[in-house]
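Structure first, commentary second.
The values are calculated or read from the model by the stated rules, or taken from the named source; none is laboratory data. All values reported here derive from a predicted model rather than from experimental measurement. No Cβ is skipped: glycine too gets one built from the backbone with ideal geometry, and neighbour counts run over all protein chains shown.
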Ligand code: NAD
């Protein structure tokens, strides 16, 4: 067997500390929140959780900073985000190392995630000159009807472990140019990465003359996030995570008439039709299903394959799966890193048991590796039908394969899950492709052709329907969620005509 090569000595604790320090962050030591590396289970540091007083003070600061920041012209606000993008570029390696150490992503994906932060900063800088409102024709003479977009307030960002930096950046970069301030509650599983980002924002703010208190990070679990959820000073709660979390957060924000942007779980599928380019499909499927160890919200979890090609495709995907190197993400050639925690493996093996009970066959993978950290080989499972376990999101690398005979049947199977995030069709038939993208096709927020379900670009709006929560972040006109719209009617005539021809008095 070829010798395994370590790209670096694996003293994860000192590597993490160096990277955090290089970004200029202090780590609040304590004994509440252990920062653990899934790479080998090392405890990197134990942090102090933010107290209720800390949370209240951070919100108060952000509220005060907002009153200054909202009157800074948007293109000037862009300067902060431009500087942030430069600092992220400068510290790309430090941040990527932290993402690998805390979230377990292979370095190429970790660097890609940092690149996504840089990209969204660039997008936001351009946006700072394009926060356009419309002018509508007024029905009354001598009147102007228009809309203006104003800053919204404090944005509470709650993020998940699996995109420890990109999702924050999607929110923060856009929120800043929109004139909002940000209080961030990152996942308790990735606190060091968050502290490093926070330090870079503070530096960018100081260097670009933005007010203090424009950004804060809170350390702790869901209960710390809960304080953001319930505080009426937080105008928008942008929460990314499980459907379970969204079910708690959504109604509580709604109860105080706050705004909520939810980015929740997915159960993403690809339809593979008889005309598909199978070489391309196999590559797309393997990256989407096994990449990031199945821990992306957009991970491919269901494959819906025409019955004429299902045996061939399963064989080819299984071949590719058997060649995937699973292991320490810092090792060259490894494509599948660890699961985040022990409970991910418990969920994976429980799901595989349920799949077998429902008549499924595990074609390959699904084994736990005997080493420190939680490592599992990606599982490929043929299912006789879309049973309950297939309709749930198990946040681990399990790809269920179903077969179909007509495209209508494939689309029905595709949409018959509670989630609605990402979807794909592999086909060279234009009718099939267009049907999949049409109103009666995929019901997801993301629908692709001849590309897997994961790996979106920042230029599009990201998010999904149904239990995925309906929120949209990142590109396109997602910025509108971070601003409030005022409709303005200006009368420049000497008359006072009423709308709809209403007469009142003379
Ligand atoms: P999680 O729901 O366990 O935690 C997400 C965040 O919510 C964490 O910061 C957590 O502390 C916080 N939280 C939990 N309960 C809370 C509460 N009651 N009030 C306030 N905050 C609370 O999710 P996870 O395990 O970190 O991430 C995996 C999940 O996230 C998967 O379901 C995945 O699909 C989803 N996800 C979705 C997207 C998307 O954009 N749609 C992106 C990434 C991850």
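So which of 359, 294, 333, 327 ends up being modelled with pLDDT of 95 or more and closer than 19 Å to residue 395 by Cβ?
Of the residues listed, the single one that is modelled with pLDDT of 95 or more and closer than 19 Å to residue 395 by Cβ is 294.
Taking the condition within 25 Å of the chain's Cα centre (by Cα), within 16 Å of the ligand (Cβ to nearest atom) and more than 23 Å from residue 324 (Cβ to Cβ), does residue 374 pass?
no
Taking residue 495 and the conditions (1) farther than 16 Å from residue 276 by Cα; (2) away from the ligand (no atom under 16 Å from the Cβ); (3) in a strand (DSSP E or B), which numbered condition does it fall short on, given that it satisfies the others?
Unmet for residue 495, out of (1) farther than 16 Å from residue 276 by Cα; (2) away from the ligand (no atom under 16 Å from the Cβ); (3) in a strand (DSSP E or B): (3).
Only one of 287, 257 is away from the ligand (no atom under 16 Å from the Cβ), under 28 Å from residue 479 (Cβ atoms) and either surrounded by fewer than 18 Cβ atoms within 10 Å (Cβ to Cβ) or in contact (Cβ under 8 Å) with a residue 40 or more places away in the chain (or both). Can you tell me which?
It is 257.
State which residue pairs qualify: first residue farther than 16 Å from residue 472 by Cα and inside the range 235-250, second residue more than 6 Å from the ligand (Cβ to nearest atom) and part of a helix (DSSP H, G or I) in any location, beta carbons under 9 Å apart, and separation of 6 or more residues or different chains.
Short answer, once both residue conditions are applied: 235/66.
Of all the residues that make up the range 461-506, how many are in contact with a strand residue (DSSP E or B) (Cβ under 9 Å, 6 or more places away or on another chain) and farther than 30 Å from residue 181 by Cα?
6
Taking the options 79, 65, 58, name whichever one is touching a strand residue (DSSP E or B) at 6+ places or on another chain (Cβ under 8 Å), assigned to a helix (DSSP H, G or I) and within 14 Å of residue 209 (Cβ to Cβ).
65
Determine whether the range 33-43 contains at least one residue that is surrounded by 22 or more Cβ atoms within 10 Å (Cβ to Cβ), modelled with pLDDT of 95 or more and under 26 Å from residue 482 (Cβ atoms).
No, the range 33-43 has no match at all.
Among the residues of the range 157-169, how many are more than 9 Å from the ligand (Cβ to nearest atom) and either at pLDDT below 95 or assigned to a strand (DSSP E or B) (or both)?
1
Only one of these is in contact with a helix residue (DSSP H, G or I) (Cβ under 9 Å, 6 or more places away or on another chain) and crowded, with 22+ Cβ neighbours inside 10 Å: 74, 97. Name it.
97
What's the total number of residues in the range 232-251 that are surrounded by fewer than 22 Cβ atoms within 10 Å (Cβ to Cβ) and more than 8 Å from the ligand (Cβ to nearest atom)?
Matching residues across the range 232-251 total 6.
Can you tell me which residue within the range 212-223, out of those that are closer than 29 Å to residue 150 by Cβ and buried (at least 17 other Cβ atoms within 10 Å of the Cβ), is nearest to the ligand (Cβ to nearest atom)?
Taking the candidates together, the pick is 218.
Return the residues of the range 292-319 that are crowded, with 19+ Cβ neighbours inside 10 Å and either more than 30 Å from residue 160 (Cβ to Cβ) or touching a helix residue (DSSP H, G or I) at 6+ places or on another chain (Cβ under 7 Å) (or both); say none if nothing qualifies.
Once the filter is applied, which keeps residues that are crowded, with 19+ Cβ neighbours inside 10 Å and either more than 30 Å from residue 160 (Cβ to Cβ) or touching a helix residue (DSSP H, G or I) at 6+ places or on another chain (Cβ under 7 Å) (or both), the range 292-319 yields 292, 299, 300, 302, 303, 304, 305, 306, 313, 314, 317.
Would you check if there is a residue in the range 127-145 being out of contact with any strand residue (DSSP E or B) (no Cβ under 9 Å at 6 or more places or on another chain), surrounded by fewer than 18 Cβ atoms within 10 Å (Cβ to Cβ) and assigned to a helix (DSSP H, G or I)?
no
Looking at residue 52 and the list (1) in contact with a helix residue (DSSP H, G or I) (Cβ under 8 Å, 6 or more places away or on another chain); (2) over 30 Å from residue 230 (Cα atoms), which single condition is not satisfied?
(2)
Kindly indicate whether residue 493 is within 24 Å of residue 70 (Cβ to Cβ) and touching a residue at least 40 places away in the same chain (Cβ under 8 Å).
No; evaluated as a whole, the condition is false for this residue.
Inspect the range 330-353 for any residue being in a loop (DSSP other than H, G, I, E, B), in contact with a strand residue (DSSP E or B) (Cβ under 7 Å, 6 or more places away or on another chain) and within 16 Å of the ligand (Cβ to nearest atom) and give the result as yes or no.
Yes: one or more hits.
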